[in-house]
């Protein structure tokens with residue numbers, strides 16, 4: 001069994017514990033005092049979590065904001081930078097006189113500001129950040145206004161995709177989701193996005209009459225009630241949005257076809273695992289880019305190495321403020337197959353795999369044919385522990401460690417047995 005972790009990962013501010021949920025369709029206007037803040041806010045507007053926001057940034061600070069809103073309505077969110085040269089409380093009092101009810105205000109302060117935080121709150125400031133700020137600070141501040149204030153679940157989306165067809169990405173996705181639901185007790189949903197050939201129904205031994213096709217082809221916008229009707233219950237905490245796996249039609253979709261489905265499920269489900277088919281289209285790319293975490297599944301050969309490297313490069317560039325995509329190597333050690341060594345694969349990727357899953361044809365074929373998960377077939381198998389570690393890491397938990405076997409264990413067990421027999425009550429002789 002092999003499991004890898006980057007030492008630098010724990011110190012990365014983009015670690016999965018720092019989960020930032022995307023905002024709904026809102027308008028954001030920022031008034032900056034410095035070029036650095038203007039650049040950070042402009043870059044934040046390109047972040048995937050603010051994709052639905054209409055964000056504009058300009059100079060002038062608090063004075064410019066007061067002048068602008070004296071003659072026009074205010075947006076959903078105003079971001080104000082203070083340079084410390086004027087009394088911020090006095091400026092906020094003036095801004096309150098021209099602000100519409102319901103507008104949320106974020107202040108980027110200066111170390112020279114002396115106003116107590118409670119006074120800022122009394123004047124309606126929703127968040128206060130001490131400058132200088134970076135792009136992720138801006139994203140976190142704006143997103144937190146909605147994920148916290150609306151008191152709703154903002155589910156984490158994990159997208160799993162194969163670097164090549166037939167590498168076992170669906171098997172990895174289904175086992176990781178099942179483990180998150182069972183071992184971490186998180187309500188989870190698996191969405192099988194391979195509408196023509198999806199195997200999630202088979203792997204979970206389910207044959208639902210409805211699924212993802214009913215949601216994406218519906219004329220009405222999917223809501224919570226519709227999604228509840230379409231979900232098939234696999235376990236107490238795991239549900240499935242199954243693919244029809246039929247060829248009676250072609251499944252061509254626009255890039256935003258699944259957005260409403262994902263947004264609706266985010267509001268009710270803590271964890272959503274996307275089983276993304278191996279294809280490169282507008283909607284698959286969008287599903288990957290907009291996920292909170294990405295796992296690319298690859299086999300240790302040249303084509304997978306090339307594809308994994310290309311996918312990592314493109315997805316990193318599209319998600320500059322997120323943790324880089326993860327990858328795992330599957331079917332390692334297949335008999336009589338020439339393979340690229342795991343260390344050599346990792347050297348090319350310039351990062352370690354989240355796991356290297358050993359090839360075991362009997363274990364995986366038994367699970368597939370029985371409609372079971374790996375842990376159900378063999379709960380103590382080393383691959384079961386690998387899936388547990390992947391589930392914990394993707395859900396922002398720690399690694400599951402197998403207890404070490406003590407060399408004194410057998411001896412202590414034998415001594416304990418003897419002590420137990422020696423202290424047993426004597427049979428009474430009549």
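The values are calculated or read from the model by the stated rules, or taken from the named source; none is laboratory data. In this text the structure is predicted, and so the values were computed from the model without any measurement. Virtual Cβ from ideal backbone geometry, glycine too; neighbours counted across all protein chains shown.
Odds and ends about this structure:
- Yes/no for residue 383 being within 25 Å of the chain's Cα centre (by Cα) and either assigned to a helix (DSSP H, G or I) or crowded, with 17+ Cβ neighbours inside 10 Å (or both): yes
- Number of the exception - residue 400 against (1) buried (at least 18 other Cβ atoms within 10 Å of the Cβ); (2) modelled with pLDDT of 55 or more: (2)
- Taking the listed residues 167, 138, the one that is more than 20 Å from residue 237 (Cα to Cα), more than 19 Å from the chain's Cα centre (by Cα) and not assigned by TED's automatic domain parsing to the domain that holds residue 260 is 138, with no other qualifying.
- Screening residue 187 with (1) surrounded by fewer than 18 Cβ atoms within 10 Å (Cβ to Cβ); (2) under 19 Å from the mean Cα position of the chain (by Cα); (3) over 24 Å from residue 294 (Cβ atoms) gives one miss only, at (3).
- Options 159, 185, 96; residue that is out of contact with any helix residue (DSSP H, G or I) (no Cβ under 8 Å at 6 or more places or on another chain) and modelled with pLDDT of 90 or more: 185
- Criterion: more than 22 Å from residue 166 (Cα to Cα) and touching a helix residue (DSSP H, G or I) at 6+ places or on another chain (Cβ under 7 Å) - qualifying residue of 255, 225, 298, 291: 255
- Among (1) over 21 Å from residue 21 (Cβ atoms); (2) buried (at least 19 other Cβ atoms within 10 Å of the Cβ), the one test that residue 229 misses: (2)
- A search for C-beta distances below 9 Å between a residue of segment 144-156 that is farther than 22 Å from residue 184 by Cα and any residue that is at pLDDT below 85 and part of a helix (DSSP H, G or I), counting only pairs 6+ apart in sequence or on different chains, returns nothing.
- Unmet requirement for residue 89, which otherwise passes all of (1) over 32 Å from the mean Cα position of the chain (by Cα); (2) in contact (Cβ under 8 Å) with a residue 40 or more places away in the chain: (2)
- Test result for residue 365, over 30 Å from residue 22 (Cα atoms) and either modelled with pLDDT of 90 or more or not in a loop (DSSP other than H, G, I, E, B) (or both): yes
- Residues (touching a residue at least 60 places away in the same chain (Cβ under 8 Å) and either touching a helix residue (DSSP H, G or I) at 6+ places or on another chain (Cβ under 7 Å) or surrounded by fewer than 18 Cβ atoms within 10 Å (Cβ to Cβ) (or both)) located in segment 322-344: 323, 327, 328, 330, 332, 342
- Residue within segment 195-211 that is under 18 Å from the mean Cα position of the chain (by Cα), touching a residue at least 12 places away in the same chain (Cβ under 8 Å) and either closer than 19 Å to residue 249 by Cβ or buried (at least 16 other Cβ atoms within 10 Å of the Cβ) (or both) present: no
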